[in-house]
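First comes the structure, then the notes that go with it.
Derivation of every value follows stated rules applied to the coordinates shown; laboratory data play no part. All of these numbers come straight from a predicted model, not from anything done at the bench.
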Amino acid sequence: QVQLMESGGGLVQPGGSLRLSCAASRIISSIALMAWYRQVPGKERELVASSSKVGTAVYGDSVKGRFTISSDYAKNTLSLQMTDLRPEDTAVYYCNIHALSGAYWGQGTQVTVSS
């Protein structure tokens, strides 16, 4: 069973930065897409950013210009650099990998933006 392990969440003040990382417990073959999602209680999980194998990045409108996704398909690692964080960025962030063998999710890491 493949596990995705996230790290880097925490409490940060508005305007601050955090870097989230994600790594797979073993190599996953035939990956189609790697992405970060986030979820607030009572709301649907939303796409934050995705990174294709050819390097195309897609961002949610609310994070464009502030967040940067990086991926290494060979090592099955993913990161999210978050800058200029706002209280509305507070959520549980999930790492996601879509592969031929299925969709994999991390357990989530809490990001709280508050003064």
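Residues whose amide H comes within less than 5 Å of that of Ala49, counting only those at least five positions distant or on another chain, are Trp36, Gly60 (H built at 1.01 Å from N in the peptide plane). Under 23 Å of direct C-alpha separation, and excluding same-chain neighbours fewer than eight residues apart, Lys75 reaches these lysines: Lys53.
In the range 1-40, one over the average inverse separation of all distinct C-alpha pairs is 12.6 Å, which is the Kirkwood hydrodynamic radius. Dividing the C-alpha radius of gyration of the chain by 2.2 N^0.38 Å, with N its residue count, gives 1.01.
Candidate cross-link partners of Lys43 among the aspartates and glutamates, defined by an alpha-carbon separation under 16 Å and a same-chain spacing of 8 or more, comprise Glu88, Asp89. Remind me, relative contact order of the chain in percent, using alpha carbon pairs under 8 angstrom and six or more residues apart? This gives 38 percent for the chain.
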